[in-house]
Each structure stands twice: as structure tokens, then as C-alpha cells.
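Chemist: One structure, as C-alpha cells, below. Some questions next.
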Amino acid sequence: MRHPAIEPLLILQDRELMRRNLAQQLAGIPGDVALVQAKIDAEKSAIETAKTKGKALESKKKLLETGIGLAEEKLGKYRTQQSLVKKNEEYQALGHEIETMEGEIGGLEEQELEVMYEIDSAKEKAAAAEAELKTNIVGHEAKLATLAERKASLATELALAEGEVGHAREPLGERYLRVFDRIAERQFPVCVAISGGNCSGCHLKVFGENDSVVRKGEELATCDQCGRIIWLESA
Ligand SMILES: [Zn+2]
């Protein structure tokens, strides 16, 4: 005969399994939220990086402009000096300086032009990257909203499941509940069937003495090896 506590214990175990599954899913939500949040942060920092490149080019352009300004100032001075000198030698020496300065300015202006092209292309790239990243962020934020909904519905389901566990505990006496809770702390499932003479929790043989306790059904039998409550489907 099957021990009378087996049936309600199996029901309690079933409800407890449901409760545990829900609690586990709920416990996983903050981790999922953190992962999505990390993706959003990464997208935002990628936008910043794209913008930083453009800013660096702008600074480079400003430096070149300053360089050109200074060179032009010098050039102006040389020209003034040249118009004032009397000696041919000095005139030619200044003419040489003027040529060098003009060459320098030409070089700087070329560089400035290149930087301006780079700025345009960096701006285009940054705008395209930003548009893509913003779309990604919208997707991530939708995921966060879904997770928040899931969290709320899991919390509701968990509260219901806890109620079910409470109901399932009602028909069981203090003594059996204590046994159940003690085993459940360490291992789950708590009640396992004997299958082919073995405990289906630890898969080890159930010995004769214990086997007859299970068959008689007068006492609640536990597996010698793993300590789970054992029962026989045919009993
Ligand atoms: Zn066992």
C-alpha cells in the first residue's frame, strides 16, 4: 500500500517545482536587463567616439589656420621690408624669404583642404553611425520594456504559485512538511519513485529492508543513499 502522505507530497512537490521555476526566471531578469543596458551604453559610447574624431579634425584645422595666419603676417612683413631696402643683395635675400614663405603657406593650405575633406567625410560617417546606433538603441529599449513586462507578469505568476504551494501544504501534517522541507533544502525533487529496484533520484539500489517499508506503506521511507522520500508506483 502506498503511504497516505505520498499523494499530497507529490502534489506539493509539483507546486513547489512550478514555484521554483518562476522564482528562477524572475531572478534571471536583472541579469538580462544589465546585459541590454550594457549594449545601450556601448552604442552611446560608439556615438561619442564617432563625434570625437570629427572634433579632433576641427582642432587640427584650427591649428593649420593659425599657422597660415602667422605665415601670412611674416610674408607681409618681408614684403614691407623688401619695399624699403636699397641694396640689391638685401632685396634678393628678402625675395628668397618671401618665396619660402609663399611655399610654406601653399603647403599649409593644401593640408587645410585635406583636413576639410576629412571633416566632411567624418561628419557623414558619424551621422550614418549615429543613425544606425540610435536605431539599435530603440531596439534595446524595446527589449528593456519587454523585460519589465515579463518581470511584472512573472511576479504575479510567482505570487499565485506561492499561494498554490500554501494550499498544497495544508493537507500535510507538520511532521511530513518538516521532512519535505529538510530534503528540499538540499535536493529536488524530494519524492522519487523506485524504478527497477533503484531510487530514481540517485539511481542506486533500494535495499530489501527499505523496500519492504515502502511496500507496507506504514511509514514514510527514504533512500539510504540520497535521503529522498521513495515510493512505488505499483504500491
Ligand atoms: Zn536515492
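Chemist: Considering only C-alpha atoms, what is the centroid distance from the stretch 78-151 to the stretch 186-233, in Å?
Modeler: The distance from the Cα centre of the stretch 78-151 to that of the stretch 186-233 comes to 80 Å.
Chemist: Can I ask one more? Once the convex hull of the alpha carbons of the stretch 173-235 is built, what does its volume come to per residue, in cubic angstrom?
Modeler: For the stretch 173-235, the hull spanned by Cα atoms encloses 78 Å³ per residue.
Chemist: Could you pull out every Cys in the chain that lacks a partner Cys with its beta carbon under 4.7 Å away?
Modeler: When partners are defined as cysteine Cβ atoms under 4.7 Å apart, the chain leaves Cys191 without one.
Chemist: Where the Cα atoms of the stretch 58-155 are projected onto their three principal axes, how long is each span, largest first, in whole Å?
Modeler: For the stretch 58-155, the Cα extents along the three principal axes come out at 97, 18, 12 Å.
Chemist: Around Ile40, with a cut-off of 15 angstrom between Cβ atoms, what is the net charge of the other residues, counting Lys and Arg +1 and Asp and Glu -1?
Modeler: Once positives and negatives cancel, what remains is -3.
Chemist: Please get the size of the charge dipole for the chain, origin at its Cα centre, with Cβ charges of +1 on Lys and Arg and -1 on Asp and Glu, quoted in debye to the nearest 20.
Modeler: That gives the chain a dipole magnitude of about 960 debye.
Chemist: Further question on the same structure: What are the semi-axes of the equivalent ellipsoid for the stretch 1-91, taken as the square roots of 5 times the Cα gyration tensor eigenvalues, largest first, in whole Å?
Modeler: Over the Cα atoms of the stretch 1-91, the ellipsoid semi-axes are 88, 7, 5 Å.
Chemist: Longest segment of the chain with no GluC sites (Glu not before Pro) in a DSSP loop having at most 12 other Cβ atoms within 10 Å?
Modeler: 1-217
Computed from the coordinates by the stated procedures, all read-outs in this text should not be read as laboratory data. Here the structure is a predicted model, which is why all the values come from computation and not from measurement. Methodologically, a virtual Cβ is constructed for each residue, glycine included, from the backbone with ideal geometry; neighbour enumeration extends over all protein chains shown.
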